[in-house]
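Reading through the structure tokens given below for one structure.
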Amino acid sequence: MASEATEPGAELLAFTRFRDSSAARLAYGYGPRSLLDMRESEFGRLAGTVYLDHAGATLFPQSQLTSFTNDLMKNIYGNPHSQNTISKLTHDTVEHVRYRVLAHFHTTPEEYSVIFTAGSTAALKLVAEAFPWVSQSPDSSGSQFCYLTDSHTSVVGIRNVVMAMNATSTAVSPEDMWSAKEQGAVACDPNCQLLHLFCYPAQSNYSGTRYPLSWIGEVKSGRMSPVSVPGKWFVLLDAASYVTTSPLDLSAHQADFVPISFYKIFGFPTGLGALLVNNRVAPLLRKNYFGGGTAAAYLAGEDFYIPRQSVTERFEDGTISFLDIIALKHGFDALERLTGGMENIRQHTFTLAQYTYTALSSLHYPNGAPVVRIYRDSDFSSPDVQGPLINFNVLDDNGNVIGYSQVDKMASLYNIHLRTGCFCNTGACQRHLGISNEKVKKHLQAGHVCGDDVDLIDGQPTGSVRVSFGYMSTLEDAQAFLRFIIATRLRSPSDQLPAGPREAGVPSAEGKAQDMPAVTDRHVLPQNDIGTGSGVCPDSHPGSNAMCLHPPQSEATRSQQLSLEKAAGALHGDHGPRVVTNLYLYPIKSCAAFEVTKWPVGNHGLLYDRSWMVVNHNGICLSQKQEPRLCLIQPFIDLQQRIMVIKAQGMEPIEVPLEEDSEQAQICQSKVCADRVNTYDCGEKVASWLSKFFGRPCHLIKQSSSFQRNAKKKLGKDLPPGTAATLSLVNEAQYLLINTSSILELQQQLCTSDENGKKELFPMKDLISRFRANIITNGTRAFEEEKWGEISIGPLRFQVLGPCHRCQMICIDQKTGQRNQNVFQKLSESRERKVNFGVYLMHESLDLSSPCFLSVGSQVLPVSKENVELHNLPALKKHQDVSS
């Protein structure tokens, strides 16, 4: 039996080994307090129980219930519709909770309204009944309701309401949406008044897949369409599963409707949810029934009814569950006190899910067959793409599925509580298990209905097993589950694993042994092709962090530092000098480049680079992704006359002053990459010029000189806190650099031959223009710039922040505005789907007491990342010594 116990593929993955294999420290727990201490004091009822169905319902802490009970015992809460003092207290407390809900989702009462409902299902039903559907008619195709096939039953049920309104419902698969994203915007009639609704889950309650929140803006803006129909799209984001363990920032992802259930977040109270409604769409909602508290005035004997003004008062029929709503305050308090916030929960639960997924995937029978088949759409590499859910079926050593009902019963014997079936998500169940529509109907005829224990029909699974983690889940919970799988599949009855909570050598989650930080940078584990499952693994995008700058340096210090860098920065195998071959700035964001040979440097980068942008009639920034013809707008800057001249074919040139008239400039707010920026309108004259060129209302706005937009990405660790680099209207950094050797390699890959053997060439100048860089250098090797940590150009020193993640804009020919997908596709293929090209730069220090310039022909001195780290170590220590 001992030999079986050590059979390869049968061991429990040690958490220490898993953690040590990470590039970064994993987040586990919530700071200095022991997680097991929290479990004992707050969730003592879990002793001896492994609860792994947090996606179904999480658990409330004892202190939350105690605090709420004390509140009820010390205060009198009456009906909020009354006018007495007690009722006024209830009303004010409820309104305070509304603000707390909005703050939790990073928004304000000016942006969203909270309508309390009986749960997320009731919230979805409210949208279904209140949305202004347009019925089909001989003159109109009517409204469309589109929903992702990976949706909860409560979402799919909306289609019956739509059908009753004689409108159309369409189910779209995740693959359809990814395809729609690649295809981009579709042509539509801007005058069409049809209103459509697209619904998708932020997180699949089946597999834990996290769909991009960027779909919200892309669908609403028309850059991405679920189906190609004219009209305006609204987005219903089913956030019920997502917000249980992750923060949702509605200031960045402004869905029109967001249904949630509070018991999935706090565990208590149950039967209470909310619909968060974007105030911009609230006036569109229709309502037939009216109940108590919703009427401003009505007549009992005549058809006369005037609703209340606010959307919350109009849609909260009757007396709300005010005591349950008051309980939410104590839920928020407990969550913050115990965990420090949703981001900590996000990291903690993902660490448990990633560890469990990795360990589960590594289990094999002696014949090499996998023990489980995992149904997934991600590689569990990041909480951006995967929630803390794992969906799987257990297999025997011949690859046959063991019914989920059997697994559930075995788990109960180990006091492990998980979830089985299709989880009210038939679409995802069909997609991952390969069940056709015909088979679903046959299964029904065979007696199988949702929620029963008929787990296999003709040897094929009708459902699966799901484990999910909550904020109070522990490593011991995960390992108990893994031991259960090993014990039941890889060990004989006489060789069962001990019932202890940890393997030898693995630190406990309690006391000093647990030295893991509460929040750490995410990492990507090297994953083999483990587990099976269909679907898309979307590229994830790393987050941005705060950034600081060097303090001003003396010329002597700078010269000495540059000399050291030249000595330390010689990269192995380098040959010949690197120089700046081209300089470009883009005065108007997304418009044509302005090429220069020498140009002054300002606080934000090259002077006037991306200082202006074109916005639509709603003040939304236009980019080439929505309007490719922006590249045909050619700005020229005359520093002596202090003007910018804008030209375009078929248009008379127009001049714009470089600086605003501070007395007449009217400040307005806009957004760039989710950052709020203060701008001013450049006037009606240039607005008319742009509107004529594009054939729709447009304005030119410029970033206010008095506004400071701080960068988010961090600079070197040896810099003192408190200073931040500033940005213009760029996306991420002050400069973008590309290497001509990298361009040349891409050019060679793009060369194709037609049937006559003639090659289609992409000229270097054309390729360079597509990547819209500021600095072009003649590197010695392709993509060597991605290994640089710093560079110096003349007296200027820059830190390399990382690669530029490319979008479909590189498909646009900057001379014609025409699209060609080959560039993006080839780059995606050659770069292993990481569509990176060029690197971002930021000033490390900049002394503007005397003019600074960048010039073509200046030598470029790179320093490798390894040398930067070594070079920064003594500087960091020196800075710490000085601080001490």
Q) FRET efficiency for Ala369 and Asn822, Cβ-Cβ distance as r, R0 = 45 Å, nearest 0.05? A) 0.60
**Q.** Selected from Ala128, His104, Cys199, residue furthest toward positive end of dipole (segment 84-208; charges at beta carbon)
**A.** His104
Q. So how far apart, in nm, are the two label points at Ser321 and Tyr289 if each is 7 Å from Cα heading toward Cβ?
A. 1.7
Q | In Hz, Karplus ³J(HN,Hα) per residue of segment 135-140 (6.51, -1.76, 1.60; θ = phi - 60°; x = Gly, Pro) | A | 6, 5, 7, x, 9, 8
Q. Give or take rounding to whole Å, what are the principal axis extents of the alpha carbon atoms in segment 34-106, in descending order?
A. 50, 31, 23
**Q.** Thr49-Arg629 FRET efficiency (beta carbon distance; Förster radius 56 Å; 0.05 resolution)
**A.** 0.35
Q: Multiply the residue separation of Arg280 and Asp452 by 0.36 nm, subtract the distance between their alpha-carbon atoms, and state the gained length in nm to one decimal.
A: 57.6 nm
Q: Would you grab the residues whose amide H sits under 5 Å from the one on Val579? Only those 5+ places off in sequence or on another chain, please, with H modelled 1.01 Å from N.
A: Asn778, Val860
(Q) Debye calculation, C-alpha points only, no solvent: report log10 I(q)/I(0) for segment 222-317 at q = 0.17, 0.19, 0.23 Å⁻¹, in the same order as the q values. (A) -0.93, -1.04, -1.19
(Q) Please compute the per residue accessible area over segment 607-698 with all protein chains in place, 1.4 Å probe, rounded to a whole number of Å². (A) 54
(Q) List the residues, sorted by chain then number, that are 5 or more residues from Cys804 or on another chain and whose placed amide H is less than 5 Å from its amide H. (A) Phe837, Gly838, Val839, Tyr840
Q.
Per 0.36 nm of contour for each residue apart, how much would the distance between Cys807 and Ala252 grow if the chain were fully extended, relative to their Cα-Cα spacing?
A. 197.9 nm
**Q.** Accessible area per residue in Å² at 1.4 Å probe, computed on segment 261-402
**A.** 36
Q.
At 1.4 Å probe size, with the rest of the protein present, what percent of the exposed accessible area of segment 608-678 is carbon and sulfur atoms?
A. 44
Q.
How many angstrom lie between the Cα centre of segment 93-130 and the Cα centre of segment 234-294?
A. 5
Q) Given the Cα-Cα distance of Ser179 and Thr85 and 0.36 nm per residue of separation, how much length would full extension add, in nm? A) 28.0 nm
Q | Approximate spin-label separation Met73-Cys668, in nm, with each point projected 7 Å along Cα-to-Cβ | A | 5.8
**Q.** List Asp20, Asp477, Asp458, ordered by accessible area with a 1.4 Å probe, largest first
**A.** Asp458, Asp20, Asp477
(Q) Past 20 Å, Cα to Cα: identify those pairs from Lys702/Lys815; Lys692/Lys765; Lys181/Lys232, in the order given. (A) Lys702/Lys815; Lys692/Lys765
Q. When ligands, DNA and RNA are left out and all protein chains stay put, how many square angstrom of accessible area per residue does segment 61-184 have with a 1.4 Å probe?
A. 48
Q | Separation of the Ala296 and Glu786 label points, Cα + 7 Å toward Cβ, nm | A | 6.0
Q. Which FRET efficiency value, to the nearest 0.05, is calculated for Glu659 and Cys751 with the Förster distance at 60 angstrom and r the Cβ-Cβ distance?
A. 0.80
Q. Amide H to amide H, which residues 5 or more places from Leu456 or on other chains are under 5 Å from it, using H placed in the peptide plane?
A. Thr462
Q.
Order Ser140, Ser830 by their accessible area, 1.4 angstrom probe, all chains in place, largest first.
A. Ser830, Ser140
Q: Can you sort Thr597, Thr462, Thr121 by 1.4 Å-probe accessible area, starting with the largest?
A: Thr597, Thr121, Thr462
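The values are calculated or read from the model by the stated rules, or taken from the named source; none is laboratory data. Not measured: the values here are computed from a predicted model. Here Cβ is always computed from backbone atoms with ideal geometry, including for glycine, and neighbour counts include all displayed protein chains. Note: accessible area is taken over every heavy atom of the protein model, side chains too, but ligands, DNA and RNA are not part of it. Shrake-Rupley method; radii C 1.70, N 1.55, O 1.52, S 1.80 Å.
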